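Single-structure report; data block below.
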Amino acid sequence: LFDLESEEKLKSLTVYLADLCYETSSGLSKDSLPLGVGTIAAYVTTKLQQEGIDAVFKVFILADDLLKAIETTPPHIVGLANFIWSENLTAVTIKKIKQYHPDILITTGGANISPHSLNQDKILLKKQILDSHLYAKGQDESVLEKFQSVDYFIHGEAEIPFLNLCRAYAQHSGDFIRIKAEDLPGCSAVVDGKLINGSHVDDIRDLDEIPSPYLMGFYDEIWKKYFLIPQIETNRGCPFQCTFCTVGSWEGKIRKHSVDYVKKEIMYLHDHSPNRLIRFADSNFGIVAQDIEIAKFIGELRSTLGYPGGIRLYTAESGVNGRVKEVMAYFKEMIPLNLSYQSMSDVVLKNIKRKNQSPSDIADMREYATQNGMMLSTELICGLPGETVESYTNGFDKLLKNGFESVTAYPLLLIRGADLDTPMAAQRWKFQIRYAYLGQNISTVDGSVVFEYSRLPVASNSYTEEEYFSMLSFSYFMFLMLRGGWYRELLLFAIENGISTLDIFHQLSGNQKEYPLFGDALTNIMKQVKMCYFESPEALRQKIEEAYISGQLESVYNYRTQLSVCAGTLISEENKQNAVQEVIRAITKSAEARDNLPAPFPELLDHLGAYSISKIISPFSDNLPEHLEFECPYDISTWANSNEAKIPLVEYRAKTSVKTILSVRNIRQHRDLHSTNHVKSHARRMHYYFETVTGSNMQRCVSKTEGAVKPVVPDPTGMPVEMSA
Ligand code: B12
Ligand code: SF4
């Protein structure tokens, strides 16, 4: 790129990198260490050192810490991550740095910036042109409006472009005019308020070229102060193109770290990380063969050294089920077997360019999950283009019938860089946008309130605004029912008898007197959720600022905490019996108009209710027994885990009774929760519980069944047929 010897270049370079988050009274607005700034620091420092430049990189997560460091030891370059969770905070911080230190070169990069440095030739070579590619220029220009003080945008994976920038800085001794006159591949210079695009740069093929930021100590200072989950990456790239996701428009080629690299990093985390969880930043864990070896290593580590305490990951979307099954077997006590669905409607899937698992793959996964004691979970997105109230709510019933125990749903956000966040998409789907404050992202900087908000479509050509909020309300109802799989068997039984989950929802949400626990929970949640949506950013700003200044924000605009508190209340030791009774009453009421119900309908409901109560683990339970025995005349677990063409529960009656051992999957985590004393108030404890514990560890699983029933049903010819259980 440059002839480094030809000019008087800098021999040392100080660079600060930050992926900012908010610090509020409830703690930090992020739960994980930012990996991207670490990998940039590790790669660029190492390369520059090899080239004889003494590079010092530091990583930050809080604006205050960054600004203090800049005052004490001003760096040559500051790089700030640009993501949905900190866009406004980052913009304000950059402005502030430039105001007092115009001589510091400032750059920004991350998912908010288009990934291709606008090299249209390269983009157009792609088989399928996405709207976001065509809109990339518009996207960058709209980001630039907020980031007028930056000197450079960096596109896509930033290790190589950032190195190019640092080299140019050193080469030209920090002379901005000469630096900006260079073509820096992967970077766009901001000149007179306009972006001058650099040429295309290829991403790193062998990820081992990036040294581990953990081993190089880049997080040492942060994890001494903040209890964040370390993230590791075993591969990069995603071959899919889902239009709601920014990653869909990125380079799809998968690139890997070696297994040895990953093992070394994990052992380093074992020795040093205060937080005992590990998060995988891979988009599709299980997509490459070596993931099995990595999973095996972690599984063995956990059984010998008790580490990690838990893991978080996204498994491969589809196409490699065999591998996903194998890797998940090593993780089974730590996380559910999750197969992301996002929608159950074929129309929607086509609209969002996504292909879900085939029915036979699902049947296979269900059987595998049951045999291995895993929870099968999935999630849906509320508000995708083409979705209707009917397709959306039916989707939950279909998933339950397909063996999913936990189904959670979240509203569709329009995310910068995603195909759905383009003017073309807004026009095609007739989106009506609202602006919502959805989290803990708020603070004051120099006396002004700064916060983040999201854009969400509340109406489209397939649903009205009223229907959107009905779907949302239904989503939160299902969260209360199924986040931990708690009422799954009761719902399955209702569906078996022609009662939909929507019928039960209408009952429980429509009569607060009859159903005080669910009625209160749903009313409170929706009251808070609706308040968070505004017609314009200005209206939102006014209300949020007022609430923040008067100290009301947490109590009025924090629906996520409200959701955790409500779910926690329903499954608490104190309330779980009554909550289960409410569900039983709602099913009974919904069944009133139906005939053909099995004769022992109320008795079956009672048994199912007792089963649910035994399964539910109440948050922060005292002296939680690891195993419980549940005895019942019906073989509920075999029935619930049988295939979709189910034989009715009534046929699962044993001669005497069936004994089931219900066990906690990860008892250690519940015991550790007791020693958690950094979260004090009830609301925060509940929120912490729902953020930390996986759905599969919120209910007991069946570890043994004595006297399993093989139901005998007459076939249509009248001959008895024995079904295998
Ligand atoms: C792991 C992950 C999470 C984790 C941890 C997030 C975190 N704060 O660290 C969890 C599960 C908590 C999470 C949550 C969310 N996430 Co997330 N997440 C990811 C995921 C899968 C990997 C991120 C990662 O670490 N990758 C590995 C590192 C090495 O890559 P990287 O971060 O992209 O960094 C590279 C470049 O971006 C760039 N870069 C990064 N930082 C910087 C800084 C500078 C100065 C420069 C120049 C360049 C640069 O260079 C880096 C190195 O090559 C990505 C998708 C993906 N595959 O990348 C989504 C992704 C980042 N998440 C996304 C979203 C939307 C969310 C949520 C808002 C979802 C929600 N509905 O709630 C929340 C927000 C949570 C929060 N407040 O922080 C979006 C962000 C889109 C956007 N425009 O900002 C992504 C891209 C996925 C998507 N749906 O499109 N997420
Ligand atoms: S949603 Fe998942 S599978 Fe789809 S493009 Fe994004 S990362 Fe890839």
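Inside segment 307-325, can you point out the residues that are of a type in the set (Gly, Ala, Ser), modelled with pLDDT of 85 or more and either in a loop (DSSP other than H, G, I, E, B) or crowded, with 18+ Cβ neighbours inside 10 Å (or both)?
Result: GLY309, GLY310.
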Can you pull out the residues in segment 192-239 that are among the hydrophobic types (A, V, I, L, M, F, W, C) and over 30 Å from GLU145 (Cβ atoms)?
ILE204, LEU207, ILE210, LEU215, MET216, PHE218, ILE222, TRP223, PHE227, LEU228, ILE229, ILE232
Per the filter on segment 140-176, residues away from ligand 1 (no atom under 12 Å from the Cβ), of a type in the set (D, E, K, R) and in a helix (DSSP H, G or I) are ASP140, GLU141, GLU145, LYS146, ARG167
Tell me which residues, restricted to segment 87-103, are surrounded by 19 or more Cβ atoms within 10 Å (Cβ to Cβ) and either over 34 Å from the mean Cα position of the chain (by Cα) or modelled with pLDDT under 95 (or both).
none
Selection within segment 338-358 - basic (Lys, Arg) and within 15 Å of ligand 1 (Cβ to nearest atom)
LYS353, ARG354
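I'm trying to understand the selection: among the residues of segment 228-253, which are aliphatic (A, V, I, L, M) and within 11 Å of ligand 2 (Cβ to nearest atom)? Give the steps one after another, and end with the answer.
Taking segment 228-253 first, the residues aliphatic (A, V, I, L, M) are 228-229, 232, 247.
Across segment 228-253, the qualifying residue is only VAL247.
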Qualifying residues in segment 253-296 (those that are exposed (fewer than 15 other Cβ atoms within 10 Å of the Cβ) and small (Gly, Ala, Ser)) - the one nearest to ligand 1 (Cβ to nearest atom):
SER258
Within segment 416-428, the residues that are hydrophobic (A, V, I, L, M, F, W, C) and buried (at least 19 other Cβ atoms within 10 Å of the Cβ) are ALA418, LEU420, ALA425
Counting only residues that are touching a residue at least 40 places away in the same chain (Cβ under 8 Å) and among the acidic types (Asp, Glu), segment 67-87 contains a total of 1
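For every residue, the table says whether it meets (1) small (Gly, Ala, Ser); (2) within 25 Å of ILE229 (Cα to Cα).
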{"residue": "ASP31", "(1), (2)": "no, yes"}
{"residue": "ALA41", "(1), (2)": "yes, yes"}
{"residue": "PRO74", "(1), (2)": "no, no"}
{"residue": "GLY79", "(1), (2)": "yes, yes"}
{"residue": "THR108", "(1), (2)": "no, yes"}
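Could you check, for segment 193-211, whether at least one of its residues is hydroxyl-bearing (Ser, Thr, Tyr), buried (at least 17 other Cβ atoms within 10 Å of the Cβ) and either in contact (Cβ under 8 Å) with a residue 40 or more places away in the chain or away from ligand 1 (no atom under 11 Å from the Cβ) (or both)?
Within segment 193-211, not a single residue is hydroxyl-bearing (Ser, Thr, Tyr), buried (at least 17 other Cβ atoms within 10 Å of the Cβ) and either in contact (Cβ under 8 Å) with a residue 40 or more places away in the chain or away from ligand 1 (no atom under 11 Å from the Cβ) (or both).
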Sole miss for GLY395 among (1) more than 16 Å from ligand 2 (Cβ to nearest atom); (2) crowded, with 24+ Cβ neighbours inside 10 Å; (3) assigned to a helix (DSSP H, G or I) is condition (2)
Scan segment 321-343 residue by residue and report those that are within 21 Å of the chain's Cα centre (by Cα), within 16 Å of ligand 2 (Cβ to nearest atom) and not aromatic (Phe, Trp, Tyr).
ASN321, VAL324, ASN338, LEU339, SER340, GLN342, SER343
Of (1) at pLDDT 90 or above; (2) buried (at least 18 other Cβ atoms within 10 Å of the Cβ); (3) in contact with a Phe, Trp or Tyr (Cβ under 8 Å, 6 or more places away or on another chain), PRO711 satisfies every one except (1)
Which numbered condition trips up ILE352, out of (1) surrounded by 22 or more Cβ atoms within 10 Å (Cβ to Cβ); (2) within 14 Å of ligand 2 (Cβ to nearest atom); (3) within 23 Å of LYS401 (Cα to Cα)?
(3)
Where in segment 458-559 are the helices (runs of 4 or more DSSP H), entirely inside, with at least 2 residues that are at pLDDT 95 or above and crowded, with 22+ Cβ neighbours inside 10 Å?
465-482, 488-496, 501-510, 516-531
Does SER132 count as of a type outside the set (A, V, I, L, M), modelled with pLDDT under 95, in contact with a strand residue (DSSP E or B) (Cβ under 8 Å, 6 or more places away or on another chain) and buried (at least 24 other Cβ atoms within 10 Å of the Cβ)?
no
Name, by its number, the condition in (1) surrounded by fewer than 21 Cβ atoms within 10 Å (Cβ to Cβ); (2) modelled with pLDDT of 95 or more; (3) away from ligand 2 (no atom under 16 Å from the Cβ) that does not hold for VAL445.
(2)
Restricting attention to segment 257-280, does a residue exist that is in contact (Cβ under 8 Å) with a residue 60 or more places away in the chain and within 13 Å of ligand 2 (Cβ to nearest atom)?
no
Within the set of pairs 6+ apart or on separate chains, which have a first residue in segment 694-711 that is more than 17 Å from GLN371 (Cα to Cα), a second that is aromatic (Phe, Trp, Tyr) and not in a loop (DSSP other than H, G, I, E, B), and C-beta atoms under 7 Å apart?
PRO711/TYR652
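The values are calculated or read from the model by the stated rules, or taken from the named source; none is laboratory data. All figures in this text were calculated on a predicted structure; none of them were measured in a lab. For neighbour counting, all protein chains shown are included, and Cβ atoms are generated from backbone atoms with ideal geometry for every residue, glycine included.
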